[in-house]
1. Under the Karplus relation 6.51 cos²θ - 1.76 cosθ + 1.60, θ = phi - 60°, what is the ordered set of whole-Hz ³J(HN,Hα) values for the stretch 224-229, x standing for Gly and Pro?
2. Taking the Cα centre of the stretch 248-305 as origin, sum charge times position over the Cβ atoms of Lys and Arg (+1) and Asp and Glu (-1), and report the length of that vector in debye to the nearest 20.
3. Taking amide H atoms as placed 1.01 Å from N in the peptide plane, list the residues 5 or more away in sequence, or in a different chain, whose amide H sits under 5 Å from that of Gln98.
4. Taking a cut-off of 24 Å between Cα atoms, list the lysines near Lys249, but don't count ones fewer than 8 places away on the same chain.
5. With θ taken as phi - 60° and the coefficients 6.51, -1.76 and 1.60, list the Karplus ³J(HN,Hα) couplings across the stretch 279-289 in order, rounded to whole Hz; mark glycine and proline as x.
6. With viscosity set to 0.890 mPa s at 25 °C, what whole-number translational diffusion coefficient in µm²/s follows for the chain from Stokes-Einstein and a Kirkwood radius over Cα pairs?
7. In straight Cα distance, which lysines are under 26 Å from Lys40, not counting same-chain residues fewer than 8 positions off?
8. Given charges of +1 on the Cβ of Lys and Arg and -1 on the Cβ of Asp and Glu, with all other atoms neutral, how large is the dipole of the stretch 219-325 about its Cα centre, in debye to the nearest 20?
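Read-outs: derived from the displayed coordinates by stated rules, not from any lab. Keep in mind it's a predicted model, so treat the numbers as computed, not measured. Cβ atoms come from the backbone with ideal geometry, glycine included; neighbour counts cover every protein chain shown.
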Amino acid sequence: MKRLISSSLSILIAVVFIQGSIVSVHGQQQETTGEWKLEKKGSSLNFSFKIEDNDGFINQNTFKASDFVGLKTGNKITFSLTGPAGKMVFKGDVSANQGMGTYVFTADNSFVKIAKENGFDNIKIEGLMLALFQQTPKSYFVDLKKLGYSGIGSKLIAFIALGITPKYIMAIKDAGYPDLSAGQMVTFKALNISPDYVTKIRKWVGEDLSSSEIIQYAALGVDDNYAREMNQTGLVLSPQELLRFKAQKIDPGYIASMRKLGFEDLNPSKIAQLKGLNITPEVVTKIRKMGFRNAGVNEIVKFRAMNLTEEFVSEMNKAGYPDLTIHQLIQCKAMNINSAIIREAKDFYEGNLPEFSKLIHFAAMKRTPGK
């Protein structure tokens, strides 16, 4: 039966399950008890489970009514869920929209035995419960061993929770990643990386993408539409540059807006720099209106990087330096030159406003007293 467990929730379940008790393949059949809660949402039944002696309801799984035997509304009813991993018997009260009660889960010893025979030792009781919810077949362990994933320890729970099937593993291997570790396979599935996704991304980025790069692409939400659109801008982006653009939320619209300002020869590094400094068309227009009508991209970047403001430019103008270049303003900013320093310089030069080079020299002397 199909399970509708989200990736993030499944990973949470996997982490919690690691802390559970271990089921031995020897001795009597293993059982665990606990509490359950039910909330109906449309045709879906959302169950939460609490294992005895554990705090809180640790997981949630979505079922259909037809998955159970004997489920109905009423008080003190009994119903069950059966699968290769075992059987869970529920007792409690169920209304039209919710329910609650207790359960007993009994593991199937043959399920555990087959797991052990194929290299999957020490399956925890919580893991077996999840295998029941997922209707994991006994052949699963045989297939995983054939594909090179036996003895993967606690990651087996993540495999089950995320629905990493032999079919999915084979598809990823055929897509060009035949040697993924168990951890990498878990990450691929958690990020919904499919063979189709790999094929489409490679079409625009290149055939030699490593598994770690594919993971980064999926984590940042780089899809084939974004890769194609960025390719169509005319920029030649490396795989890492494309990742950086996505992380900075650089899209074709931003690139086009910068080009319209006259910045025609933009390279990827310069675009990333512009975006990193939050330089928008509005910012460029404002700087140009301050008197820097022909300011190029490098000057705009320096203006922004040095945190030059309209107020600072106005202060320099009023203090007697109305025609300073952006480079000169940057010098003033770096030397902490303001209207007060300019007045001191004017007094030093006997009431005369010094030329810019002398102003810089005066400010330097102020910074190094005694020289």
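1. 5, 5, 5, 4, 5, 4
2. My answer is approximately 200 debye.
3. Under 5 Å from the amide H of Gln98 lie the amide H atoms of Lys40, each far enough along the sequence or on another chain.
4. Cα-Cα hits under 24 Å: Lys200, Lys203, Lys260, Lys270, Lys275, Lys286, Lys302.
5. Whole-Hz 3J(HN,Hα) from phi for the stretch 279-289: 8, 10, x, 5, 5, 4, 4, 5, 5, 5, 6.
6. Once the numbers are plugged in, D ends up at 93 µm²/s.
7. Lys2, Lys50, Lys64, Lys72, Lys76, Lys87, Lys91
8. 100
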